[in-house]
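So the structure is just underneath, and the comments pick up after that.
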Amino acid sequence: MIAQHSETASPSSRSVETTARLVSSGGGQGLAWQKVAMKRLGEWLVWALSAWIAFVFVWYLQFKFTGDDGSVWLFTVLTDWLGFHGHEKIMRIGTGSAELIASILLFDRPLQVVGALLAFCIMSGAIFFHLVSPLGVDPYGDGGVLFHQAVSVWVSALAIIAIRRRDALALLDRYLPFLPLPARLRAL
């Protein structure tokens, strides 16, 4: 039907028909290309965010594992505030060990979402304690560098969880099949 009208149609209407044919024939390829590009961008973003989280965690391990004065003071304030007097070393080494495990998991593709979830939980605790304990946002008087890095790691971990949400759902289905997940969550 379009071919019959194109003989008598004006030049401008022929260009509209040509454009319509091009869009209908190649539009799917453009959309597929965009999906591939977004998926690749998401992959690069996840690896960059994983590297940032691991860098922050591993950098602070030297202070936690060697018993640096600043780290000992920080965890002493926390344990005293929590009522666990004298248990600073257990909390310091335990937190450092959890951060090391999260850093390792972030570089194992099948377990990356588990590492991000662990990092998210660790940083949720850190942010909570900075906000409600005597530590405050700026415990070292350096403008709150530690708190800002905790927030940036928290946001990075949340972004990885969002990007890898299908992997998280697959892990939940595999290891917690009894857990009811809403259909709306599965459709994301």
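A short reminder: the numbers here are calculations on the coordinates, not readings from a lab. Keep in mind that what you see is a predicted model, and the values were worked out from it rather than measured. So basically every Cβ, Gly included, is an ideal-geometry build from the backbone, and we count neighbours across all protein chains shown.
Screening the range 151-178 for residues that are aromatic (Phe, Trp, Tyr) and surrounded by fewer than 18 Cβ atoms within 10 Å (Cβ to Cβ) and picking the one that is nearest to ALA51 (Cα to Cα) gives TYR175. Only a single criterion out of (1) closer than 30 Å to ARG166 by Cα; (2) touching a residue at least 40 places away in the same chain (Cβ under 8 Å); (3) in a helix (DSSP H, G or I); (4) not charged (D, E, K, R) is not satisfied by PHE129, namely (1). Take the conditions (1) free of Cβ contacts under 8 Å to residues at least 40 places away in the same chain; (2) part of a loop (DSSP other than H, G, I, E, B); (3) under 24 Å from the mean Cα position of the chain (by Cα); GLY136 misses just one of them, which is (3). Could you check the range 162-174 and list, in sequence order, the residues that are of a type in the set (A, V, I, L, M) and more than 15 Å from LEU41 (Cα to Cα)? Across the range 162-174, the qualifying residues are ALA168, LEU169, ALA170, LEU171, LEU172.
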